[in-house]
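Everything on this sheet refers to the single structure shown next.
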Amino acid sequence: MEPGSMDGLRPIGGQEQQQPSKEDNIDTPNNNHEEQPTKKREAKAIQPNQTLYIRNLNEKIKKDDMQHSLFHLFGLYGDILEITVKKNLKMKGQAFVVFSSVDNAQKAQHDLQGHTFFEKKMEIQFAKQPSDA
C-alpha cells in the first residue's frame with residue numbers, strides 16, 4: 001500500500017476514491033473495449049485474387065455438366081483459365097474458377113454471390129491461395 005492510503009483508498013483532490021482493480025472494466029490504452037485487429041485475424045482475411053472458391057453447388061449434377069455450366073456462367077465476366085469441380089466426399093458441391101485477371105474475378109464474385117444455380121444459391125469467396133494456372 002502507498003503511504004497515506006487505507007485499504008486501497010487514497011485521497012485525490014481532497015476526496016477518497018477506490019483504486020480500480022483488474023476486474024474493473026476501465027478503458028485504458030491497454031484495456032479499451034474496441035476490437036483491435038490482431039495479426040492472426042488479419043492473416044485470415046483473404047485478399048482478392050484471380051481464383052474464386054464456390055460452394056453450395058448442387059451435388060446431383062454430373063461433374064462434366066457442372067464444369068460446362070460454370071464455364072458458360074462465369075465466362076460472361078472474362079477469360080477463364082481453369083475450372084475445377086470437386087466431387088470427392090470431402091469437397092462435394094465445391095469448385096474453383098480461375099480467371100485471367102483479379103478484376104474479372106471480383107466482378108463475378110460480386111454479381112454472382114447468392115445466385116441460384118441448379119436450384120441452389122452459390123456461396124462465392126476468393127480462394128485462400130491463388131491458383132498456379
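The values are calculated or read from the model by the stated rules, or taken from the named source; none is laboratory data. Since we're looking at a predicted model, the values are computed, not measured. Here Cβ is always computed from backbone atoms with ideal geometry, including for glycine, and neighbour counts include all displayed protein chains.
Checked against (1) in contact (Cβ under 8 Å) with a residue 12 or more places away in the chain; (2) assigned to a loop (DSSP other than H, G, I, E, B), residue 88 passes all but a single condition, namely (1). Considering the conditions (1) modelled with pLDDT of 95 or more; (2) outside any strand (DSSP E or B); (3) surrounded by 13 or more Cβ atoms within 10 Å (Cβ to Cβ), residue 96 is excluded by exactly one of them, (2). Looking at the structure I just gave you, is residue 105 modelled with pLDDT of 95 or more, under 21 Å from residue 45 (Cβ atoms) and of a type outside the set (Ser, Thr, Tyr)? Yes; evaluated as a whole, the condition is true for this residue. Hey, among the residues in segment 99-119 that are in a strand (DSSP E or B) and more than 21 Å from the chain's Cα centre (by Cα), which one's nearest to residue 57 (Cα to Cα)? Only one residue tops the list, namely 117. Comparison of 32, 56, 49 shows that the only residue that is modelled with pLDDT under 95 and polar (S, T, N, Q) is 32. Among the candidates 129, 125, the residue that is assigned to a strand (DSSP E or B) and polar (S, T, N, Q) is uniquely 125.
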